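Let me begin by presenting the structure, written as structure tokens, before commenting on it.
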Amino acid sequence: MTFHRGDDGKLRTSSVDEILNGRRLRRLRRTDWSRRLVRETTVSVDDLIWPMFVVEGENVRVDVPSMPGVQRISIDIAARQAEEAAELGIPAIALFPYTDPDLRDETGSEALNEQNLVCRATRAMKAAAPEVGIVTDVALDPFTSHGHDGFLRGDEILNDETVDQLCRAALVQAASGSDVIAPSDMMDGRVGAIRQALDGAGFHHVQIMAYTAKYASAFYGPFRDAVGTNKTLRGDKRTYQMDPGNSDEALHEAELDIAEGADSIMVKPGMPYLDIIRRLKDAFSVPTFAYQVSGEYAMIKAAAQNGWIDGDRAMWESLMAFKRAGADGVLTYFAPFIARQMKTRG
Ligand code: PBG
């Protein structure tokens, strides 16, 4: 019952029925079968990219304390996990190395070593599970003594010199069997340069997944624990990663990356930047990925461990949100947990 004033100035009531004119949206939500029928967005195992941290040694699993449930693993275990990905139907794995601090230098020269961790892991994983795509990150930060993604002179990150080095690193990764080169460095012109380098060496089939809109974010903290760059990083990455206040700039980045030959683009972090995913998807209609980064994972896990939220439901809801925003797939540390649940639920 509601109240309104009639034409004669008198107070009248009308029923909710009269107000709605028969249109009740709760009708569709009443039952589970109906909710399932009208659901606009679904999460599938085909949406998942599983990020893994590799470390030297054999049969090694080291917990990453700021990422409960995530470990640094040695290559033999990574190969087993690649087999698990295949069994679960997870399409692809993204690899990140924890490089021995002794191997880190000013220019990240270990990135060019064909026997570095990522290259050896790629070979082992492709041998174990050839049907699973391997995505390798191209940025110098796991290899530099200063923790930056490029060459550092004084306070400046040198763009063009870095791009040269990234091209060489991409070729080394492609030669070890990487299926997708994912430049996460945010240097200008790197996508085009890497495309040329790959094609010049006969790697026409190797994809480029560009970290297109990568923001200078506080949410990368736990990742930097995992790859061991938190302690070494001098200063911040604001001269190359994007300003969190910007949205139009993401379109400019995407325009360049696509023109330079990116096969797919990415927005990172994920949940705080759903608006950017939607804008890029609407504007360019190319495969668009979200990276649900380490800090997002850590927040959900920490709140769940405290009993403050239902961790499982939050995990599913977060994945749904990426899909609803327009993402074609998500890099997420939840990938194996989601996929295992899907498998047992059938
Ligand atoms: C390296 C890189 C970072 C992440 C992916 N690749 C960290 C950074 O740029 O400092 C972050 C991923 C995460 O937080 O989960 N360039």
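Cross-link reach is defined here as a Cα-Cα straight distance under 13 Å, omitting same-chain residues fewer than 8 places apart; for residue 301 the aspartates and glutamates meeting it are 310, 312. Radius of gyration (Cα atoms) of the chain, expressed as a multiple of 2.2 N^0.38 Å: 1.14. Once the Cα atoms are used to define both axes, helix 159-175 deviates from the longest principal axis of the chain by about 90 degrees. With respect to the chain, whose longest principal axis is taken over its alpha-carbon atoms, helix 117-128 is tilted by about 70°.
In a DSSP loop and with at most 13 other Cβ atoms within 10 Å, the trypsin sites (Lys or Arg not before Pro) in the stretch 1-56 are 10, 23, 24, 30, 39. Distance from the alpha carbon centroid of the stretch 166-190 to that of the stretch 1-54 works out to 46 angstrom.
The angle between the Cα long axis of helix 248-260 and the main principal axis of the chain comes to about 50°, on a 0 to 90 degree scale. Cα centroids of the stretch 194-247 and the stretch 251-326: 15 Å apart. Equivalent-ellipsoid semi-axes for the stretch 1-154 (Cα gyration tensor, √(5λ), whole Å, largest first): 57, 23, 13. What lysines sit close enough to residue 126 to cross-link, taking a C-alpha to C-alpha distance under 27 Å and skipping anything fewer than 8 places away on the same chain? Residue 126 reaches 268, 343. Taking every alpha-carbon pair within the stretch 230-346, the share separated by more than 16 Å comes to 66 percent. Only helices enter this figure: runs of n ≥ 4 DSSP H residues, each worth -39500 (n - 2.57), summed and divided by the residues of the chain, yield -12000 deg cm²/dmol at 222 nm to the nearest 500. Bridging of residue 323 to aspartates and glutamates at a Cα separation below 14 Å is possible for 40, 46, 47, 275, 282, once same-chain residues fewer than 8 apart are set aside. Sequence-distant contacts, meaning Cα pairs under 8 Å at least 6 residues apart, place the relative contact order of the chain at 16 percent.
Where a number appears in this text, it was derived from the coordinates with a stated rule and is not lab data. The shown structure was predicted, so the numbers you read here are calculated from the model rather than taken from an experiment. FYI the Cβ positions are ideal-geometry reconstructions off the backbone, even for glycines, and counts take in every protein chain you see.
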